[in-house]
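Shown next, in C-alpha cells, is the structure this report addresses.
The values are calculated or read from the model by the stated rules, or taken from the named source; none is laboratory data. Note that this is a predicted model, so its numbers are computed, not measured. Here the Cβ is made from the backbone with ideal geometry for all residues, glycine too, and neighbour counts use every protein chain on show.
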Amino acid sequence: MFQSWFFKILWWLTFMAIALVVIVTINHEWIVKELVERQIRVATRFEPEIGDVSSGVLVPNVTFGNFRLYNTAAFGGTPFLDMPELHIEYDRAALRRHEIHIRFMRVNVREMDVVKNESGATNIMSIADMLAPRKSGGGRMVASLNGYKFTGIDLLNLSIGVVKFVDLNDQRRNRRATIGLENLIYTNVVSPANLPGLSGQLWLRGAFMVGLPVSPPTHNASP
C-alpha cells in the first residue's frame, strides 16, 4: 500500500538529514550537503543531487532545496525523486535520547518516477526491499538506524505533483499522471495508518496507472 511504502521513504530521508546535520557546526551547510550526498550514495547506491542546504540557528531545522535522487544502474540511472523542498524541524532534546521526533516536516515532491527495468522489476519494490526487508513471518518493518528510534512527526505538510511510469524495455508504455495534491496536512504521524486517505486520493488522480501501489478509496471521497 502506498502509505506504507511512502512512510518508509520519509523515515529514511528524515534520518539521513538529521543524523548528519547534528554532527557538524551549524554554519557549515556545505559540509552537511557533502555528508548527506556521500552517505546516501554509500548506503543505497542512489546518486543524490542537492542544490542547496540551510539549517536554523535558533530553531533546530534543516532544509534541502532542489533535492534529487537518481536510480541505480539496474534501473538505467533514471530519475527517481525530484523535490524542490524537504524541510524538517526536529526536537534537539529527543536526539540526545537517540530518538527522532519531528515537530514539523514539509515535503514537496515535484516528480516521482516509477521505473520498470528489462527484468520486469520496479524501482519502488527494490527500494522497499532495501529500506524495509520482509520479516520471516510476513510483512515488513523499518528497523532503527544506528540506534535512533523514530517517535513521530507532529505536523506533516505533503505535496505531490507528477508521477511517471518508465518502462526501459518498451518506451511505448511510458505514461504520466498529474497528481496535483498540494499542502495535505497530517498530524501525529507515527505509522502509515496516520496518513488516512492518501492512497485513495492518489488512486482517484490516476496514480494506479503509473505503477504506484495504491488502492481505491473505501468510501466516497473527492479527488
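Assorted remarks:
- Looking only at the range 159-176, and only at residues there that are closer than 15 Å to L81 by Cα and over 17 Å from the mean Cα position of the chain (by Cα), the one that is surrounded by the most Cβ atoms within 10 Å (Cβ to Cβ): V166
- Residue match in the range 86-105 (condition: modelled with pLDDT under 80 and touching a Ser or Thr at 6+ places or on another chain (Cβ under 7 Å)): no
- Qualifying positions in the range 167-223 - part of a strand (DSSP E or B), over 20 Å from V115 (Cα atoms) and not charged (D, E, K, R): G180, L181, N183, L184, I185, Y186, T187, N188, V189
- Considering only residues in the range 37-62 that are part of a loop (DSSP other than H, G, I, E, B) and aliphatic (A, V, I, L, M), the one that is nearest to R106 (Cα to Cα) turns out to be V59.
- Within the range 190-216, restricting attention to residues that are modelled with pLDDT of 90 or more and more than 24 Å from N123 (Cβ to Cβ), the residue that is surrounded by the fewest Cβ atoms within 10 Å (Cβ to Cβ) is P196.
- Residue match in the range 95-110 (condition: without any contact (Cβ under 8 Å) to a residue 12 or more places away in the chain, at negative phi, out of contact with any strand residue (DSSP E or B) (no Cβ under 7 Å at 6 or more places or on another chain) and not basic (K, R)): no
- Among the residues of this structure, F104 does not count as one that is surrounded by 20 or more Cβ atoms within 10 Å (Cβ to Cβ), assigned to a strand (DSSP E or B) and among the aromatic types (F, W, Y).
- Filter pass, T78 being buried (at least 18 other Cβ atoms within 10 Å of the Cβ) and modelled with pLDDT of 75 or more: no
Each row is one residue, and each column tells you yes or no for (1) under 21 Å from A74 (Cβ atoms); (2) in contact with a Lys or Arg (Cβ under 9 Å, 6 or more places away or on another chain); (3) modelled with pLDDT of 70 or more.
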residue	(1), (2), (3)
F6	no, no, yes
L10	no, no, yes
L13	yes, no, yes
A19	no, no, no
I26	no, no, no
I31	no, no, no
V36	no, no, yes
F46	yes, no, yes
V57	no, no, no
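- Going through (1) out of contact with any Pro (no Cβ under 7 Å at 6 or more places or on another chain); (2) buried (at least 17 other Cβ atoms within 10 Å of the Cβ); (3) over 28 Å from K149 (Cβ atoms); (4) not β-branched (V, I, T) one by one, N183 falls short only on (2).
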